[in-house]
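Contents: one structure, followed by commentary.
The values are calculated or read from the model by the stated rules, or taken from the named source; none is laboratory data. No experiment lies behind these values; they were computed from the predicted model shown. Virtual Cβ from ideal backbone geometry, glycine too; neighbours counted across all protein chains shown. With ligands, DNA and RNA removed, areas are computed over all heavy atoms of the protein, side chains included. Shrake-Rupley method; radii C 1.70, N 1.55, O 1.52, S 1.80 Å.
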Amino acid sequence: MHNKDKGILWKLFKATFMLSAFTFGGGFVIVSLMKKKFVEELQWFDEEEMLDITAIAQSSPGPIPINASVIIGYRMHGVLGALVAVFGTALPPMVIISVISVFYRQFRENEIIATALQVMRAGVAAVIFDVVLRLAKNVIATRRVLYISVMAIAFVLTVFMNVSAMVIVLSCLAIGVAEMLIGLRAQKVEGEV
Amino acid sequence: MLLKLFFSFIQVGLFSVGGGYAAIPLIQDQIVNNLQVMTLAEFTDLITIAEMTPGPISINSATFVGTRLAGVPGAIICTLGCVLPAFCICLGLAYLYYKYRKFTGVQTVLSALRPAVVALIASAGTSILLLALFNGGFAQATPANFRIIEFGLFCAGLICLRRFKMNAISVIFGSGVIGTLLYMVI
């Protein structure tokens with residue numbers, strides 16, 4: 001194996017390991033962190049690709065962080081990359097839980113740990129909002145009414161009406177397909193004229 | 001026994017679409033009802049722990065169940081079972097995505113999907129913010145429940161990230177350390 005390949009695999013492992021070890025909360029938390037790490041810091045791919053990866057990770061079965069790691073790993077170094085990325089993501093929770101499962105009662109009842117976990121949510125929220133502000137700015141910059149309203153409506157539906165993420169992704173997929181078909185027909189009409 | 005666990009978690013991995021919380025009822029069904037290796041009370045403890053520790057909930061619970069039932073080999077088997085379906089399916093989807101993503105039609109469909117993903121991340125962020133500031137959802141969002149320390153940490157974290165381009169992990173970790181110290185002093 002070339003040194004360059006080794007470098008990428010090692011970086012991939014290190015990045016996924018660190019992200020997984022420090023991410024509390026659901027799948028979208030780690031996705032925000034991945035966006036910061038892979039798009040802003042390492043610049044391995046662009047923001048749009050990261051959003052596509054998130055959509056795929058959300059719509060296929062299994063934990064979102066694992067799914068996203070598989071796709072990112074595959075993108076960087078094929079099947080081997082995917083294996084390395086999944087290993088990096090699965091290892092920290094495995095080690096942490098194995099240790100905790102031995103004395104989980106004490107862990108659960110420890111007040112300092114409970115406080116730390118509660119206040120850490122504020123930091124996690126700050127990270128997500130930082131990422132969201134950037135992403136939303138770019139959506140607004142497209143100046144496409146369709147995209148901006150999709151974003152606003154999807155946000156309202158999930159926050160206030162508890163519509164599941166899966167429903168949102170599927171409906172937007174339908175909107176996208178409709179837009180594509182309308183586009184194709186418009187081209188065809190132009191061609192005939 | 002190990003084989004049974006493995007197949008149980010393959011089912012969990014295969015049918016839990018849409019993230020961690022979707023997997024909880026599935027795991028409960030397999031572990032409490034189907035294999036009967038854990039009581040409901042133990043399972044509730046497990047979910048609490050899985051939520052408190054970093055990492056995906058389904059991996060956490062797979063490891064926890066595996067360790068309790070069969071030590072480290074159990075943990076490895078359960079996690080493998082949980083990850084395997086996701087790995088195969090995602091690999092296939094990734095292959096298709098990178099093969100076809102340059103086509104204009106696919107690009108159009110994906111561009112309609114991206115704003116929705118932004119909204120989904122934003123809504124996940126909102127629920128965590130509510131949890132941090134009011135220790136609950138919208139119903140708990142009253143001035144009486146407002147936590148000033150968490151609000152301060154959130155603002156400080158945002159400033160650190162946007163103004164000073166600080167690293168995300170240090171912001172999360174820093175808010176944990178500073179917040180805990182503040183609570184201990186007050």
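For the residues A:Val29, A:Val70, the requirement of being among the aliphatic types (A, V, I, L, M) and either under 24 Å from A:Ala126 (Cβ atoms) or within 10 Å of the chain's Cα centre (by Cα) (or both) singles out A:Val29. The one condition from (1) open to solvent by 40 Å² or more (accessible area, probe 1.4 Å); (2) within 22 Å of A:Ile168 (Cβ to Cβ); (3) at pLDDT 90 or above that A:Ser59 does not meet is (3). Number of residues in segment A:101-138 that are of a type in the set (A, V, I, L, M), open to solvent by 60 Å² or more (accessible area, probe 1.4 Å) and in contact (Cβ under 8 Å) with a residue 24 or more places away in the chain equals 0. Flag set for B:Leu84, criterion: at pLDDT 90 or above, more than 7 Å from every other protein chain (Cβ to nearest Cβ) and part of a helix (DSSP H, G or I).
Being in contact (Cβ under 8 Å) with a residue 24 or more places away in the chain, surrounded by 14 or more Cβ atoms within 10 Å (Cβ to Cβ) and closer than 28 Å to A:Val84 by Cα holds for only one residue in B:Leu93, B:Leu80, B:Leu110, B:Leu120, and it is B:Leu80.
Scanning segment A:160-185 for residues that are hydroxyl-bearing (Ser, Thr, Tyr) and over 20 Å from B:Gly137 (Cβ atoms) returns a single hit, A:Ser171. For segment B:132-170, which positions are open to solvent by 60 Å² or more (accessible area, probe 1.4 Å) and part of a helix (DSSP H, G or I)? The answer is B:Phe138, B:Ala139, B:Gln140, B:Pro143, B:Ala144, B:Asn145, B:Ile148, B:Phe151, B:Ile159, B:Arg162.
Let's see how each residue does on (1) more than 7 Å from every other protein chain (Cβ to nearest Cβ); (2) in a helix (DSSP H, G or I); (3) among the acidic types (Asp, Glu); (4) in contact with a Lys or Arg (Cβ under 7 Å, 6 or more places away or on another chain):
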residue: A:Ala126; (1), (2), (3), (4): no, yes, no, no
residue: A:Asp130; (1), (2), (3), (4): no, yes, yes, yes
residue: A:Thr158; (1), (2), (3), (4): no, yes, no, no
residue: A:Val167; (1), (2), (3), (4): yes, yes, no, no
residue: A:Leu170; (1), (2), (3), (4): yes, yes, no, no
residue: A:Ala178; (1), (2), (3), (4): yes, yes, no, no
residue: A:Gln187; (1), (2), (3), (4): yes, yes, no, no
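When segment B:96-107 is examined, which residues are found to be in a helix (DSSP H, G or I), under 26 Å from A:Val86 (Cα atoms) and of a type outside the set (A, V, I, L, M, F, W, C)? Listed by number, the residues that qualify are B:Tyr97, B:Tyr98, B:Lys99, B:Tyr100. Within segment B:87-135, the set of residues being at pLDDT 90 or above, within 21 Å of the chain's Cα centre (by Cα) and more than 7 Å from chain A (Cβ to nearest Cβ) comprises just one member, B:Cys88. Residues that are within 8 Å of another protein chain (Cβ to nearest Cβ), farther than 14 Å from A:Ala15 by Cβ, touching a Lys or Arg at 6+ places or on another chain (Cβ under 6 Å) and touching a residue at least 60 places away in the same chain (Cβ under 8 Å) are absent from segment A:82-94 altogether. None of A:Ile53, A:Ile71, A:Ile30 is assigned to a helix (DSSP H, G or I), touching a Pro at 6+ places or on another chain (Cβ under 8 Å) and open to solvent by less than 20 Å² (accessible area, probe 1.4 Å) except A:Ile30. Considered as a group, the residues in segment A:59-78 that are closer than 15 Å to A:Ile8 by Cα and hydroxyl-bearing (Ser, Thr, Tyr) include one that is nearest to the other protein chains (Cβ to nearest Cβ), and that residue is A:Tyr74.
Does A:Val139 satisfy being closer than 25 Å to A:Gly62 by Cβ and either of a type in the set (A, V, I, L, M) or part of a helix (DSSP H, G or I) (or both)? Answer is no for this residue.
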